[in-house]
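The structure appears right after this line, and notes come after that.
The values are calculated or read from the model by the stated rules, or taken from the named source; none is laboratory data. Just so it is clear, the model here is predicted, and its values are computed rather than measured. For neighbour counting, all protein chains shown are included, and Cβ atoms are generated from backbone atoms with ideal geometry for every residue, glycine included. What goes into the accessible areas is simple: the full protein's heavy atoms, side chains included, and nothing from ligands, DNA or RNA. Shrake-Rupley method; radii C 1.70, N 1.55, O 1.52, S 1.80 Å.
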There are 2 protein chains.
Amino acid sequence: MTTQQIKYFLVLAGELHFWKASEKVYVSQSTLSRQIQSLEQEIGIKLFERDKRNVKLTDAGKFLQEKWTVAINELDHIQKQAKKIDQGTSGFISISYPGSIAFSYLPLFLNVINEDLPDLKLELTEPTDERHEKLLLNYETDIAFNRDVINNIHISSFKINTEPICLVTSEKHWLTEKTIINLKDLKDENFIIAGLHKTTYFSSLLRNLFLKNEFEPKTVIESDFGGMILNLVAQELGISILPYSYKFSNVPGVQFIELNEKIDLFINWRKTDPNKTTQKVIELAKTINSYKKYKSK
Amino acid sequence: MTTQQIKYFLVLAGELHFWKASEKVYVSQSTLSRQIQSLEQEIGIKLFERDKRNVKLTDAGKFLQEKWTVAINELDHIQKQAKKIDQGTSGFISISYPGSIAFSYLPLFLNVINEDLPDLKLELTEPTDERHEKLLLNYETDIAFNRDVINNIHISSFKINTEPICLVTSEKHWLTEKTIINLKDLKDENFIIAGLHKTTYFSSLLRNLFLKNEFEPKTVIESDFGGMILNLVAQELGISILPYSYKFSNVPGVQFIELNEKIDLFINWRKTDPNKTTQKVIELAKTINSYKKYKSK
DNA sequence: GTTTTTAATGCATAAAACGCATTAGTAATG
DNA sequence: CATTACTAATGCGTTTTATGCATTAAAAAC
């Protein structure tokens, strides 16, 4: 039995039409027919009920469709991981990160990696709706930077740094670090923030912040994208609340007012990941532990 | 990539000697050499460091040895399950059971299965040291009768029946149902029972029984095997405590005195088992719910 | 330096994969 | 009911791959 035959089976199971399925796997209809027959003979299990016009999965075929889909995906993951181990520091690893560090910690990190492991390629992903935990467990990323700790026995975490949460306004705004006394004073301000109904860590942090200060913001624009938010704030369409890191994006015309609230940055990885390159990258990441180093520039 | 190549790899990874490994997989040394080379080329990963005298796994090879071992076992399980589904009531299923029902519930059950599903083959196993839970999860059994409930979200349970725990003595013993007042009276008796340090359910039931009656038995023989125990009791080497079911083994010269304690019998199966034959067998098992029916014979 | 051991390779043969052309069976259509 | 359209299975020839015997070549053992 070959993995190719399993893949032929899975595509045919989806299409239930030999010619259409053969087109999808780039072989002739007769080749597909023979390969399916050969597979059925080898494993001694009838996979399809079929005649000249109808193709249906048998009960065993349905069972195998479900199980082999998972198994084949797992084999593919295993092979990709093995490839990374084989290629070592001349290969590549995947890293996901939150947008908030794109201008702060991340450039520092990438510089260090480029210096120490010049042949290593990085695949960077800024996930929008996938939780980092899921990305790690599904092998869609090897290292995940994120703002909240991941409680999962299969995932290891390390806190990289802590930074303040900031009120972000236009420079022309009446608010300054000196004038702000109570967040409640902002209840008439227009806010440009992440949707408070969202399940992301940052949304829940915002919810808690407003709850603690006993007011509900007047949200006029909802967005998750920090860069977009900064531009809108610069155009005086409203004010926002973002991590301090965004200050380094150097969008002109905005000011950052530190609030009495902090946010962490964690690096996470699969606990049992045997890839020495991933381990090396994590060790390097740990040496870059203060965003303030970049601030002094 | 074929499953056969993966199996060649796994055997070679174990042996680290081409000729020895080729003997184990029944091909020539040159065939094995070429198949490993072919696999390495197809997946683009170097599996072994080798020259004419040394064969060592690479880091990637070690990783794949671990992962592919699990994956291949999983594929084998999947295929066996699919075979069972394919064969339906003309195939076979595996059933494990505790020794105590070998003469009571089990013969009833087997009679019913034989009548309703005459073409179905059963593999019966009386596990000695494996927990039924593990046997189910590892696909080593499809249905597990046992005395304790299995708390596992992947396993479904159904209580078949409840029966008394009995004091088992020789017929010539001074004890009768009329003379027994308190188990403490038995503290000078010789006991032939399962080891109280064992982790089995029955051992812990015995421990609780003695604890409740505030005495420690004088154990002269330790055994898990009910049939052996009955014979020794008949020979007046001591007395024992066993489930009522053993009464039906018809060992002459022993009497069963019901105690004020009960024990259950459960049938367990994998919650997501799609095999209709297994489901049918479970439904049939549920219809046989009283050991007393057999008793009236 | 010689011998032994053993993974890799050359080569001939057998088996399997492949696709074109065609068959044969089943639904759709008139 | 006959004809047509559709499509999985099959015949057949070609190409590719697997296999094992014999041998080579390289590395340890002596």
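Key figures
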quantity: Other-copy label distances relative to residue B:88, 7 angstrom Cα-Cβ extension, nm; calculated: 5.7
quantity: Phi to ³J(HN,Hα) by Karplus 6.51 cos²θ - 1.76 cosθ + 1.60 over region B:55-66, Hz, x for Gly, Pro; calculated: 10, 10, 6, 7, 4, 5, x, 4, 4, 5, 4, 5
quantity: Shortest-first nm distances, residue B:258 label point to equivalent points in other copies (7 Å, Cα→Cβ); calculated: 7.9
quantity: Under the Karplus curve 6.51 cos²θ - 1.76 cosθ + 1.60, θ = phi - 60°, whole-Hz ³J(HN,Hα) for region B:3-11, x wherever Gly or Pro sits; calculated: 4, 5, 4, 4, 5, 4, 4, 5, 5
quantity: Where the Cα pairs of region B:127-171 fall when distances are cut into 10 Å bins, in %; calculated: 21, 43, 23, 10, 2
quantity: Peptide-level mean, for A:226-232, of C-beta atoms on other protein chains within 10 Å; calculated: 0
quantity: Local net charge near residue A:151, Cβ-Cβ under 15 Å (Lys/Arg +1, Asp/Glu -1); calculated: +3
quantity: Whole-angstrom Cα spans of chain A along principal axes, big to small; calculated: 80, 43, 33
quantity: Mean-position separation - Cα centroids, region B:5-63 and region A:158-172, in angstrom; calculated: 55 Å
quantity: Qualifying lysines (Cα of each under 21 Å from Cα of residue A:62; at least 8 residues distant if same chain); calculated: A:7, A:20, A:24, A:46, A:52, B:80, B:83, B:84, B:271, B:276, B:280
quantity: Förster radius 56 Å - calculated FRET efficiency between residue B:23 and residue A:28 (Cβ-Cβ, nearest 0.05); calculated: 0.90
quantity: Peptides ranked, highest mean first, by Cβ atoms within 10 Å: ranges B:239-245, A:63-69, B:67-73; calculated: B:239-245, A:63-69, B:67-73
quantity: Formal net charge of residues neighbouring residue A:45 (Cβ-Cβ distance under 14 Å; K, R +1; D, E -1); calculated: 0
quantity: Axis-proximal residue, chain B, for the rotation superposing B on A (Cβ, Å); calculated: B:2, 2
quantity: Label-to-label distance, nm, for residues given as residue A:37 and residue B:112 (7 Å Cα→Cβ offset); calculated: 4.5 nm
quantity: Over chain A: helical MRE at 222 nm, DSSP H runs n ≥ 4 each giving -39500 (n - 2.57), nearest 500; calculated: -12500 deg cm²/dmol
quantity: Nonlocal amide H pairs with residue A:125, under 5 Å, H built at 1.01 Å; calculated: A:95, A:96, A:97
quantity: Per residue value of the accessible surface for chain B (all protein chains in place, 1.4 Å probe), Å²; calculated: 52 Å²
quantity: For A:53-61, mean number of other protein chain Cβ atoms within 10 Å; calculated: 3
quantity: Approximate shape of the protein assembly as shown as ellipsoid semi-axes (Cα gyration tensor, √5λ), whole Å, largest first; calculated: 60, 38, 26
quantity: Position residue B:276, label points 7 Å along Cα→Cβ, spacing to each other copy in nm (shortest first, one decimal); calculated: 5.4
quantity: Region A:149-297 - Rg (one decimal) and Dmax (whole number), Cα, Å; calculated: 17.5, 54
quantity: Sequence-distant residues sharing a close amide H with residue B:254 (under 5 Å, placed H); calculated: B:171
quantity: Buried solvent-accessible surface, both chains (B, A), 1.4 Å probe, Å² to nearest 100; calculated: 2400 Å²
quantity: Cut-off under 5 Å, modelled amide H: who pairs with residue B:92 long-range; calculated: B:121
quantity: Table column - 3J(HN,Hα) (Hz), region B:92-107, Karplus curve with 6.51, -1.76, 1.60, x for Gly and Pro; calculated: 8, 9, 9, 9, 10, 8, x, x, 5, 9, 4, 10, 10, 5, 4, x
quantity: Magnitude of the charge dipole, region A:131-196, Cβ model with Lys/Arg +1 and Asp/Glu -1, debye to 20; calculated: 120 debye
quantity: Efficiency of FRET from Cβ geometry, residue B:62 and residue B:178, R₀ 56 Å, rounded to 0.05; calculated: 0.20
quantity: Region B:130-207: chymotrypsin sites (Phe, Trp or Tyr not before Pro) falling in loop per DSSP and having at most 12 other Cβ within 10 Å; calculated: B:174
quantity: Of every Cα-Cα pair in region B:3-86, the percent that sits beyond 23 Å; calculated: 24 percent
